[in-house]
Structures are given as structure tokens and as C-alpha cells.
Amino acid sequence: PRYRADWASLDARPLPAWFDRAKVGVFVHWGVFAVPAWGSEWFWWHWRGEQRADYERFVRSRYPPATSYADFAPRFTAHDFQPREWARLFQRAGARYVVLTAKHHEGFTNWGSPVSWSWNSVDTGPHRDLVGELGQALRESNISYGLYHSLLEWFNPLYVADKESGFKTQSFVLQKTMPELYDLVLRYKPDLIWSDGDWEAPESYWNSTSFLAWLYNDSPVKDTVVVNDRWCNNCSCHHGGYYNCADKYKPGALLTHKWEMCSSIDKLSWGYRSNMHIDELMDEASIIKELVQTVSFGGNYLLNVGPTKEGVIVPIFQERLLALGRWLDTNGEAIYESKPWRVQVENSTNSVWYTSKGPAVYAIFLTWPRDSLLKLASPIPSPGLQVTMLGLTGPLEWQKSPDKGVLITLPHVPPSPLSAQSGWTVKLEGVE
């Protein structure tokens with residue numbers, strides 16, 4: 001059946017299965033904002049849109065008088081960008097998909113967009129097709145490739161004029177937004193389109209439904225592509241493929257609709273900041289906790305890093321990604337391709353979370369219990385219950401709990417390869 005250019009039809013499209021199976025992705029915020037590398041990726045807006053004094057002071061103290069944001073572009077060099085190294089890192093982090101900012105709200109495109117003259121990574125700065133190079137490396141590594149694309153551009157004169165008309169004119173959409181979206185799809189055939197910058201204008205302005213109908217009916221990725229929900233000013237959490245709802249969204253319950261939580265290792269920014277402090281970064285335990293909660297509630301987890309202007313993912317970000325990957329090496333069976341179980345979290349504690357796969361149920365516990373005795377109230381054991389721990393060989397002893405559920409005897413000291421971990425998983429075969 002062909003999809004019509006209306007939400008009722010588009011929302012009925014089944015979500016391609018690869019996305020729910022993937023569970024874990026890496027988000028990459030990279031653009032000209034990596035040059036000042038201060039405040040956040042919204043640098044231009046805070047400086048010029050809001051004219052914040054702290055941003056004025058920063059530019060005055062570090063750059064020549066009369067510096068404009070456009071002057072930063074030649075310094076966005078990507079000298080050290082090695083896409084295969086990135087792909088290898090993301091693979092070791094356990095990522096099944098990667099989403100790169102093809103264009104943020106500043107309008108600079110990380111590919112040679114034919115409608116972004118001189119404000120793109122081929123004409124200036126790196127003089128490289130960053131979108132294409134990373135895409136090729138990820139495909140070689142068998143990682144799905146997503147492209148983030150902002151519908152709006154803060155200071156594009158066409159957008160500013162449309163906005164002043166109350167979005168009654170569509171010059172920006174027809175001359176910039178839509179040509180770029182079609183170009184990205186036809187040129188790079190992405191597995192995912194992560195739309196953003198939707199909040200100021202209605203669907204009638206963006207022409208989102210027409211684009212999505214083409215994407216689902218006639219594009220080269222019509223059967224495999226996945227999109228999010230940021231396509232107009234009241235779309236979030238209502239329309240589109242899967243739901244983002246809001247940045248760092250935590251529903252706190254099982255959703256019936258597929259969703260994704262995007263989070264950032266740097267808690268204060270998505271883009272790279274040269275002045276970040278260690279206590280402003282997520283540690284391994286917080287990352288694992290967010291991942292486990294998200295997947296238990298049926299979501300995907302998209303963890304962000306911001307590379308430097310040279311194209312380096314700084315060692316502290318690499319360390320966090322590799323810690324996540326090591327945890328998934330042991331516990332990934334409970335994450336990838338899993339489904340939510342009938343219970344998502346033990347009521348008595350906030351540190352035991354459940355997932356399932358076929359007949360197996362996985363209990364992921366984030367703190368090692370006192371006396372190495374793990375009490376699970378929710379599973380109803382059958383006499384033939386088998387309990388194992390991911391990362392260990394051999395069964396664990398268990399008994400029926402006097403009130404309800406099961407008591408599992410864990411190894412008396414957390415086993416040494418696992419002792420520094422931020423979460424462990426027991427696999428239950430034979431419970432209801």
C-alpha cells in the first residue's frame with residue numbers, strides 16, 4: 001500500500017525491525033560550534049541571537065575584533081578525523097547504529113550540500129565530505145548509519161523572512177530544507193533520519209508529511225529507513241516513526257510506542273567544550289543505569305559524544321564508550337534484541353530491572369546485594385528453573401522465597417573480572 005501525505009497514513013507504517021533490535025547507538029554532535037568549543041553547540045544563538053554577555057566576553061577575549069561566526073568555519077579543520085578509527089571505537093562501544101549531525105541549527109552542512117554555498121565542509125573548513133566518509137567506514141563495520149538534520153537554521157535570511165511572515169511563506173523550506181533532505185537520502189541512503197529544529201513552525205510550513213510519504217513510498221531506503229518524531233511544532237511524542245519526546249526523555253514506565261532516549265556523556269552540552277570538568281561528565285555506572293532502565297521500558301539508548309574541531313573524540317569520552325562496550329560484552333545478551341518483560345523493575349528496589357528474550361528472563365541488578373543473596377519477588381519459578389549469571393559458567397543455586405519469588409545465591413565475592421562492574425545479569429529459564 002502507498003502511504004498518503006497525512007499523519008494517519010504515515011503513522012500506520014510498521015517500524016523497520018532492525019531499530020528495535022539494535023537498542024544501543026552513539027550520537028555525534030560535530031560542526032563549526034566545535035571551534036569556539038565553549039558553552040554548548042548553541043554557541044551562535046547564545047552569542048548573536050540572545051547577545052549574552054558571557055559569550056560576548058568570551059569572543060572578545062579570544063578572537064580579533066569584528067570576528068563573525070562565519071570566521072570560525074576555516075578553523076573547523078577535521079585534520080585528525082579518521083573515520084575508520086571512529087567506526088572501530090563505536091563498534092567496541094557496542095553501538096549498533098550511529099547518528100551524525102549532518103546539519104545543526106547553525107546551518108553548516110557536513111557534506112557538500114548544493115544549496116549551502118560556501119557554508120559546508122567541502123567548500124570550507126575540512127574540505128572533506130564528512131557525512132560520506134563516516135558513512136563508508138560505518139558500513140564497512142556493519143553499523144547502521146543515521147543522519148541528524150535540523151529543519152530550521154537560526155540566521156538563514158530565508159528562514160528569518162519566513163518566520164517574520166508568521167510562516168505564511170515557505171521560501172526557506174522550498175529552497176533549503178527540502179532540497180537538502182532529498183539530497184541526503186539520495187546521496188547517502190541513511191538507515192535513520194533524526195529530525196530536529198521543528199518546534200517553531202507547523203507541519204503546513206515544513207511539508208514534512210509530503211517528504212515522509214516520498215521517503216516511505218519511493219525513496220531508495222523506503223523499506224528500511226527509520227525516522228523520529230520531530231517534524232513539526234506539535235509532532236513530538238505524537239507523530240513520526242519512533243518517539244524522542246524530549247532530550248534525555250525518561251518516561252518512567254513501559255510505553256506502547258517505540259521510543260529512544262538520547263543522552264550525552266557531557267551533562268552540560270552535546271557539542272565539545274574545551275572547558276568541561278570531570279564532575280560534569282556521566283560516569284560508567286550512570287551510563288549503564290540509563291541504558292538498563294531505557295531498554296527495560298522498551299526504549300533505545302543513544303549516547304552522545306562531541307568531537308573536537310580537529311575530529312578527535314577525546315580520551316575521556318573514549319574511555320566511557322569503551323567501558324559501556326566492556327559491560328555489553330558480558331551483559332549484551334540481556335540488551336540486544338530483547339523485549340520488555342511483564343514486570344520492568346522490582347517494586348521493592350530501584351536496582352533490579354528486567355528484560356526478556358523468548359522464554360528467558362533477565363534480571364539486571366545494579367548493586368551487589370548484601371550477603372550475596374539476590375531476592376527477586378516478581379518471577380514465579382517452575383521446579384525446573386535454571387539460573388545462570390552472564391559472564392560465568394555453571395548454574396547458580398536458588399530456592400523459592402518464603403513469601404514469593406526466588407532467592408538466588410550469588411558467588412560470595414563478585415567474581416574478579418566482574419567486580420569493577422556497574423551491573424550484573426542473572427538469566428532465568430523456567431519462570432512465569
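The values are calculated or read from the model by the stated rules, or taken from the named source; none is laboratory data. Everything numeric in this text was worked out from a predicted model, so none of it was measured. When we count neighbours, we look across all protein chains shown, and the Cβ atoms used for this are built from the backbone with ideal geometry, even at glycine. For accessibility, only protein heavy atoms count, side chains too; no ligands or nucleic acids. Shrake-Rupley method; radii C 1.70, N 1.55, O 1.52, S 1.80 Å.
Would you check which residues across the stretch 309-318 are open to solvent by 10 Å² or more (accessible area, probe 1.4 Å) and part of a loop (DSSP other than H, G, I, E, B) and list them?
Within the stretch 309-318, the subset open to solvent by 10 Å² or more (accessible area, probe 1.4 Å) is 309-310, 312, 314-316, 318.
Those that are open to solvent by 10 Å² or more (accessible area, probe 1.4 Å) and part of a loop (DSSP other than H, G, I, E, B): Lys309, Glu310, Val312, Val314.
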Next item on the list: Determine whether Asn347 is part of a loop (DSSP other than H, G, I, E, B) and closer than 25 Å to Arg370 by Cα.
Entry: yes
Margin query: Here are the criteria: (1) modelled with pLDDT of 95 or more; (2) open to solvent by less than 10 Å² (accessible area, probe 1.4 Å). Tell me which single one Asn244 does not satisfy.
Written below: (1)
Check: Only one of these conditions is not met by Thr256: (1) hydroxyl-bearing (Ser, Thr, Tyr); (2) at pLDDT below 95; (3) within 22 Å of Arg96 (Cα to Cα). Which number is it?
Finding: (3)
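Look through the stretch 323-356, keep the residues that are touching a Lys or Arg at 6+ places or on another chain (Cβ under 6 Å) and open to solvent by less than 40 Å² (accessible area, probe 1.4 Å), and return whichever of them is farthest from Gly252 (Cα to Cα). Let's see the steps before the verdict.
Going through the stretch 323-356, the residues touching a Lys or Arg at 6+ places or on another chain (Cβ under 6 Å) turn out to be 325, 335-338, 356.
The next check asks that each one be open to solvent by less than 40 Å² (accessible area, probe 1.4 Å); those that pass are 325, 335-336, 338, 356.
Details: Gly325: 25, Ile335: 18, Tyr336: 20, Ser338: 18, Ser356: 18 Å.
Per the stated criteria, the residue is Gly325.
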Check: Does Thr388 satisfy being open to solvent by 40 Å² or more (accessible area, probe 1.4 Å) and more than 27 Å from Pro251 (Cα to Cα)?
Finding: no
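Can you pull out every residue in the stretch 84-116 that is over 18 Å from the mean Cα position of the chain (by Cα) and either within 20 Å of Val35 (Cβ to Cβ) or of a type in the set (Val, Ile, Thr) (or both)? Can you show your working first?
Of all residues in the stretch 84-116, those over 18 Å from the mean Cα position of the chain (by Cα) come to 84-85, 106-116.
Listed by number, the residues that qualify are Glu106, Gly107, Phe108, Thr109, Asn110, Trp111, Gly112, Ser113, Val115, Ser116.
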Notebook entry, point to check: Do you know which residues across the stretch 209-236 are part of a loop (DSSP other than H, G, I, E, B) and within 15 Å of Asn300 (Cα to Cα)?
Noted result: Asn228, Asp229
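This table checks each residue for (1) part of a helix (DSSP H, G or I); (2) within 24 Å of the chain's Cα centre (by Cα).
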residue: Arg320; (1), (2): yes, yes
residue: Gly325; (1), (2): yes, yes
residue: Thr330; (1), (2): yes, yes
residue: Glu333; (1), (2): yes, yes
residue: Glu337; (1), (2): no, yes
residue: Arg342; (1), (2): no, no
residue: Trp353; (1), (2): no, yes
Next item on the list: List the number of the failed condition for Tyr97; all other conditions in (1) of a type outside the set (Lys, Arg); (2) under 21 Å from Thr224 (Cα atoms); (3) out of contact with any Asp or Glu (no Cβ under 8 Å at 6 or more places or on another chain) hold.
Entry: (3)
Check: From the list Ala95, Ala78, which one is open to solvent by less than 30 Å² (accessible area, probe 1.4 Å), assigned to a loop (DSSP other than H, G, I, E, B) and in contact with a Pro (Cβ under 6 Å, 6 or more places away or on another chain)?
Finding: Ala78
Notebook entry, point to check: Within the stretch 50-97, which residues are under 30 Å from Tyr336 (Cα atoms) and hydrophobic (A, V, I, L, M, F, W, C)?
Noted result: Phe81, Trp86, Ala87, Leu89, Phe90, Ala93, Ala95
